[in-house]
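Take a look at the structure below.
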Amino acid sequence: MISKTVLVTGGAGYIGTHTVLQLLLAGFKTVVVDNFDNSSDVAIRRVKELAGEFGNNLSFHKADLRDRDALEQIFVSTKFDAVIHFAGLKAVGESVQKPLLYYNNNLNGTITLLEVMAAHGCKKLVFSSSATVYGWPKEVPCTEEFPLSAANPYGRTKLIIEEICRDVYNSEQDWKIILLRYFNPVGAHPSGYIGEDPRGIPNNLMPFVQQVAVGRRPTLTVFGNDYNTIDGTGVRDFIHVVDLAYGHIAALLKLDESNIGCEVYNLGTGKGTSVLEMVRAFEQASGKKIPLLMAGRRPGDAEIVYASTEKAERELNWKAKYGIDEMCRDQWNWASKNPYGYGSEEDSTD
Ligand code: UD1
């Protein structure tokens with residue numbers, strides 16, 4: 001059994017909760033820091049329950065990463081072996097409207113975290129980056145060596161943080177950093193007890209589909225059906241969030257090897273699925289009809305994005321197990337049990 005202590009920033013969020021659960025079950029002591037800006041403490045309570053006896057190894061602090069004193073106190077009270085850094089704002093459209101909010105939150109939060117880590121001699125980091133750093137890839141599958149670009153301030157914060165991490169490692173080579181580029185995380189824990197619960201109108205495909213299925217929204221708008229793809233709709237690499245969570249355990253184990261430096265890995269399935277294929281799979285899993293409205297392309301969207309998974313398979317010994325049927329089954333299980341996420345109909349903003 002592993003008895004290491006990990007700090008998870010943004011651990012109350014969608015990917016965070018699923019990762020924290022796997023960490024606990026794998027025997028890690030886990031401390032979550034989250035400002036609950038786009039998440040709920042209910043999610044943390046549910047993770048604790050799902051973890052059973054391992055739930056005793058979970059504690060959490062409500063704090064913003066930019067609050068250096070609060071972060072200091074957390075590092076003074078606990079010695080961490082590593083940090084998994086999820087915390088950040090992630091809505092593309094909002095980042096275009098409020099770039100300074102995104103730069104301030106994502107960049108200052110990360111810089112403060114890195115400074116406090118260094119001051120306490122904790123120099124192992126796993127950072128949640130995104131396939132968004134591939135911009136509009138010229139070919140697929142996307143390998144980690146592809147040229148990087150950002151189409152919006154949100155994407156630029158991911159890109160800049162990746163660069164910051166590389167610079168930090170170059171300046172002090174006792175750092176060990178893994179940058180994980182996620183493709184499109186969907187689904188939920190099979191218990192249906194934790195899942196994705198975005199505030200306001202969902203930006204991403206599956207949270208929107210799920211809200212149509214439970215009757216919160218009338219139709220799904222499909223952004224573009226004239227792409228050069230199997231059915232004209234965009235193609236993405238959807239990955240089950242539980243597979244993604246396991247990818248973080250694999251990354252943590254990798255950090256224990258010597259001479260990691262600052263390495264980047266894609267976390268995807270290597271398979272492309274179109275928007276319509278995903279909607280059909282969800283209809284099958286849920287037995288619900290999803291009314292569609294065909295609309296123009298969403299500005300900034302790429303046509304086809306999916307991952308090369310070779311490097312993660314080879315070096316992290318990790319491979320996604322679940323396919324889109326399981327993703328949709330578990331997404332529906334979560335949605336049907338929690339149509340208003342962690343809240344109730346009264347406090348929803350619908
Ligand atoms: C989006 C972000 C990306 C971010 C990722 C996080 C954009 C341009 N990209 O990726 O930066 O890292 O989320 O999860 O926002 N779609 C519809 N109708 C909808 C919503 C989406 O047709 O209501 C389509 C999109 O056009 C796209 C596909 O579904 O073809 C997937 O969209 P989405 O779930 O937003 O993910 P990405 O755009 O891949």
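A few notes on this one:
- The set of residues in region 294-342 that are of a type in the set (Ser, Thr, Tyr) and surrounded by fewer than 23 Cβ atoms within 10 Å (Cβ to Cβ) comprises SER308, TYR322, SER336, TYR340, TYR342.
- In region 56-70, the residues that are closer than 25 Å to ALA188 by Cβ, surrounded by fewer than 17 Cβ atoms within 10 Å (Cβ to Cβ) and not polar (S, T, N, Q): LYS62
Yes or no, residue by residue, for (1) under 18 Å from ASP34 (Cβ atoms); (2) touching a strand residue (DSSP E or B) at 6+ places or on another chain (Cβ under 8 Å):
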position: PHE86; (1), (2): yes, yes
position: LEU89; (1), (2): yes, no
position: GLY93; (1), (2): no, no
position: LYS98; (1), (2): no, no
position: LEU101; (1), (2): yes, no
position: LEU113; (1), (2): yes, yes
position: ALA119; (1), (2): no, no
position: CYS122; (1), (2): no, yes
position: LEU125; (1), (2): yes, yes
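Residues are listed down the side, and each one gets a yes or a no for (1) under 18 Å from GLU115 (Cβ atoms); (2) more than 18 Å from the chain's Cα centre (by Cα); (3) without any contact (Cβ under 8 Å) to a residue 60 or more places away in the chain:
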residue	(1), (2), (3)
LEU7	yes, no, no
VAL76	yes, yes, yes
PHE80	yes, yes, no
LEU89	no, no, no
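- Residue match in region 242-251 (condition: within 22 Å of ALA150 (Cα to Cα), out of contact with any Pro (no Cβ under 6 Å at 6 or more places or on another chain) and crowded, with 21+ Cβ neighbours inside 10 Å): no
- Conditions (1) in a helix (DSSP H, G or I); (2) buried (at least 17 other Cβ atoms within 10 Å of the Cβ); number of the one not met by VAL42: (2)
- Residue count for region 160-209 satisfying the condition of being within 16 Å of the ligand (Cβ to nearest atom), loosely packed, with under 15 Cβ neighbours inside 10 Å and without any contact (Cβ under 8 Å) to a residue 24 or more places away in the chain: 1.
- If only residues of region 141-159 that are surrounded by fewer than 20 Cβ atoms within 10 Å (Cβ to Cβ) and polar (S, T, N, Q) are counted, the one that is nearest to VAL126 (Cα to Cα) is THR143.
- GLN22 polar (S, T, N, Q), in contact (Cβ under 8 Å) with a residue 40 or more places away in the chain and away from the ligand (no atom under 16 Å from the Cβ): yes
Just so you know, all these numbers are worked out from the coordinates, no wet-lab data involved. Here the structure is a predicted model, which is why all the values come from computation and not from measurement. In this analysis, Cβ positions are derived from the backbone assuming ideal geometry, glycine residues included, and neighbour counts consider all displayed protein chains.
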